[in-house]
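Comments concern the structure below.
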């Protein structure tokens, strides 16, 4: 199953890699394919010092964790998506959170689920009939079902 990972999910994993989000991202690649946009990598670098401060990790440890998390994600340059896909995503999020259009665009393009911890985004998209959004709790349940179905994957 293809899952698009947004910024708040990766930031959460960086702040606590042992959290449920961290474990899902780092340990479920046998069940899920994670994707995100190139913009996420820019955001990580832009907020590096703040993440380091909140995570209480040494610089080298944070760099290693970023590399580990990024190794679990396929990054797509959102600028390469068809313009119609970008425009549709912008329409969907324009009154919710415009900054999330690239994640929605990639989800639409790949026919994938957008994994976000942003309740406003989840509720806003679902309120518009958008079904390809998933919360951490829902993804955890899916993983549990997959592990029970295919325990040795």
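Quick notes
- Taken over region 1-21, the residue count meeting the criterion of being without any contact (Cβ under 8 Å) to a residue 24 or more places away in the chain and either within 13 Å of residue 76 (Cα to Cα) or buried (at least 18 other Cβ atoms within 10 Å of the Cβ) (or both) is 0.
- Any chance residue 24 is over 14 Å from residue 67 (Cα atoms), in contact (Cβ under 8 Å) with a residue 12 or more places away in the chain and either touching a strand residue (DSSP E or B) at 6+ places or on another chain (Cβ under 9 Å) or part of a helix (DSSP H, G or I) (or both): yes
- Within region 69-81, being in a helix (DSSP H, G or I) and either more than 22 Å from residue 10 (Cα to Cα) or in contact with a helix residue (DSSP H, G or I) (Cβ under 6 Å, 6 or more places away or on another chain) (or both) holds for 69, 78, 80.
- Verdict on residue 18 being under 28 Å from residue 127 (Cβ atoms) and either modelled with pLDDT under 95 or in a helix (DSSP H, G or I) (or both): no
- Number of positions in region 27-68 that are in contact (Cβ under 8 Å) with a residue 40 or more places away in the chain, out of contact with any strand residue (DSSP E or B) (no Cβ under 9 Å at 6 or more places or on another chain) and assigned to a helix (DSSP H, G or I): 7
- Region 33-54: number of residues that are within 19 Å of the chain's Cα centre (by Cα) and surrounded by 13 or more Cβ atoms within 10 Å (Cβ to Cβ): 14
- Among helices (runs of 4 or more DSSP H) entirely within region 82-153, having at least 1 residues that are surrounded by fewer than 16 Cβ atoms within 10 Å (Cβ to Cβ) singles out 83-93, 119-127, 136-149.
- Residue among 79, 149 that alone is modelled with pLDDT under 95 and farther than 17 Å from residue 4 by Cβ: 149
- All positions within region 55-69 that are within 14 Å of residue 23 (Cα to Cα) and surrounded by fewer than 16 Cβ atoms within 10 Å (Cβ to Cβ): 68
The values are calculated or read from the model by the stated rules, or taken from the named source; none is laboratory data. Please read these numbers as outputs of a predicted model, since none were measured by experiment. Reconstructed Cβ throughout: ideal geometry from the backbone, glycine too, with neighbour counts over all protein chains shown.
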